[in-house]
1. Answer yes if at least one residue in region 212-220 is of a type in the set (Gly, Ala, Ser), loosely packed, with under 15 Cβ neighbours inside 10 Å and either modelled with pLDDT under 95 or over 25 Å from Arg200 (Cα atoms) (or both), and no otherwise.
2. Would you confirm whether or not region 313-334 contains a residue that is more than 30 Å from Arg2 (Cβ to Cβ) and touching a residue at least 24 places away in the same chain (Cβ under 8 Å)?
3. From Val28, Val32, Val85, Val46, which residue is within 16 Å of ligand 1 (Cβ to nearest atom) and in a strand (DSSP E or B)?
4. Here are the criteria: (1) out of contact with any Asp or Glu (no Cβ under 8 Å at 6 or more places or on another chain); (2) surrounded by 15 or more Cβ atoms within 10 Å (Cβ to Cβ). Tell me which single one Leu14 does not satisfy.
5. Just to check your reading of the model, which residue among Gly119, Gly102, Gly114, Gly161 is over 28 Å from Cys337 (Cα atoms) and not assigned by TED's automatic domain parsing to the domain that holds Gly233?
6. Could you grab the pairs with beta carbons closer than 9 Å, sequence gap of 6+ or different chains, first residue in region 86-106 and surrounded by fewer than 22 Cβ atoms within 10 Å (Cβ to Cβ) and at pLDDT 95 or above, second one of a type in the set (S, T, N, Q) and assigned to a loop (DSSP other than H, G, I, E, B)?
7. Which of the helices (runs of 4 or more DSSP H) contained wholly in region 175-283 include at least 2 residues that are without any contact (Cβ under 8 Å) to a residue 24 or more places away in the chain and among the β-branched types (Val, Ile, Thr)?
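The values are calculated or read from the model by the stated rules, or taken from the named source; none is laboratory data. Given the structure is predicted, the values throughout are model-derived calculations rather than measurements. With ideal geometry, Cβ positions are generated from the backbone for all residues, glycine too; neighbour counts draw on all protein chains shown.
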Amino acid sequence: MRAAVWHGRHDIRLEDVPEPSDPSGEEVVVEVVWCGICGTDLHEYVAGPIFIPPTLERVVLGHEFSARVVAVGDDVTRVKPGDRVVIIPHQVCRECAFCRRGMLQHCRNLQLVGLSLDGAFARYTVVRQDQLVHLPDAVSDEAGALVEPLAVTLRAMQLPGVRMADDAVVIGAGPIGLCAVATARACGIRNVYVVEKLPRRAALARELGAAEVIDPSSDDAGHAILDLTGGRGVDVALECVGLVATMNQAIELTRCGGLTVFIGIAEVAGGIDLNRAVTENKEIRGCIGYFDGEWQVVVDLLASGRLDPTPLVTHRIDVEDVVREGFKRLVEDKDSCVKVLVRP
Ligand SMILES: [Zn+2]
Ligand SMILES: [Zn+2]
C-alpha cells in the first residue's frame, strides 16, 4: 500500500509499505477513511524530529483519523469488523501513576501513533482496542477526523477557571484556535472573542460562533478587549499560536484574577512577562493532550449537533499529494488553507 513516510526534515516520501495483516491479542487493523494534516505533522516536516524519537529512522505520519475496523485479534471484545471508529493516537500502559489518574497524555510509557508508531497516511494501520471510540451514525467520517484537535481544546474547557468563564479570547484562528472557538461555544462560554489578522480565518471564526474578531494589524487588541468587556479584560485567554509575543498578549488580555492558558508551544519561550501574572493576580497554565474519556465527550457533542467543526475542512486530497498539495500549501497559503484531509 502507498504511505507517506517521514525520513527526516523536508524528507517525506511516498513509498510502498506492506499491508498489516493477522492482528494478534488486542490489536485491531483499521482502514483509514480520512486523516487530517496536523500542525504537529507540519512541524515534523519543517523542523523535525520534535515528537518523533530522534533514533527513529522512518515513520508513517498521520494521527487525526477516522476509520473502519477490518480485522481484530483474538482478545478484542469491544469492536468488530465493519465498525466505524476514531482512534486516540496515544498508546498507553494503563499502569503508571499518570495512567491510573486518567492522564493518558502523561503516560510514562507513551507511544504516539503517527509519530513514534506508524500512522494513518496509509490505507491501513494497526492500533489497540483501547484506543478506539465508536462513531455514531450521526457523526460523519470527516467530522471524525477532527475529533483529535477538538479533544485538545476540550481539555482546556475542563479547567476550573474556564468552566466558570463568561468571556474568553482565543488568540490565533488556526486549526486549534478555530476548534477552541467551536468547543468554547459548545461548552457554554457566552462571548468568545478572537484575535486573528487573516481574513478567511477570521470569517471562519465568526462562522463557528465568535462574537467578535479583532484584526491586530489594524486594531489594538488590548483596547478592543477592554471595550468589549466593560474595562475588565476576559476571564480566560486561550493562546493558540505559540509565539512569545502572543503569549504576552494573552496575559495582557486576561482580567485581573483571570486565567491565561497556553495551548500553543513556543520554539523558544524566553521573555514571557511573568511579573504581570504576579501584579495582576493572574493564573498561567499550560494545556496539552486529553484525559481518558474526553474523546467520548467530543463524539457526544458532535452527535448532538452542538459542535460542528466541518467548516474547518478547506481541502481534501489523496495521499499522493500529501507533500506537494498538503504540506506546501499549509506553509504557503495560511489564510485559505486551514484543515487538509487526506484520503489514503
Ligand atoms: Zn494533531
Ligand atoms: Zn502509563
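1. Taking region 212-220 and keeping what is of a type in the set (Gly, Ala, Ser), we get 217-218.
Right, trim to loosely packed, with under 15 Cβ neighbours inside 10 Å and you get 217-218.
Now narrow it down to the ones that are either modelled with pLDDT under 95 or over 25 Å from Arg200 (Cα atoms) (or both): none.
No, every residue in region 212-220 fails to be of a type in the set (Gly, Ala, Ser), loosely packed, with under 15 Cβ neighbours inside 10 Å and either modelled with pLDDT under 95 or over 25 Å from Arg200 (Cα atoms) (or both).
2. Taking every residue of region 313-334 in turn, none turns out to be more than 30 Å from Arg2 (Cβ to Cβ) and touching a residue at least 24 places away in the same chain (Cβ under 8 Å).
3. When all the criteria are applied, what remains is Val32.
4. It is condition (1) that Leu14 fails.
5. On the way: Gly119 fails: over 28 Å from Cys337 (Cα atoms); Gly114 fails: over 28 Å from Cys337 (Cα atoms); Gly161 fails: not assigned by TED's automatic domain parsing to the domain that holds Gly233.
Sole residue among the options that is over 28 Å from Cys337 (Cα atoms) and not assigned by TED's automatic domain parsing to the domain that holds Gly233: Gly102.
6. These pairs meet every condition: Gln91/Asn109; Gln91/Ser116; Cys93/Asn109; Glu95/Asn109; Cys96/Asn109; Cys99/Asn109.
7. In region 175-283, the matching helices (runs of 4 or more DSSP H) lie at 274-279.
Yes or no, residue by residue, for (1) closer than 30 Å to Val234 by Cβ; (2) away from ligand 1 (no atom under 13 Å from the Cβ):
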site: Leu115; (1), (2): no, no
site: Gly119; (1), (2): no, no
site: Ala122; (1), (2): no, yes
site: Val133; (1), (2): no, yes
site: Pro136; (1), (2): no, yes
site: Val147; (1), (2): yes, no
site: Leu154; (1), (2): yes, yes
site: Leu159; (1), (2): yes, yes
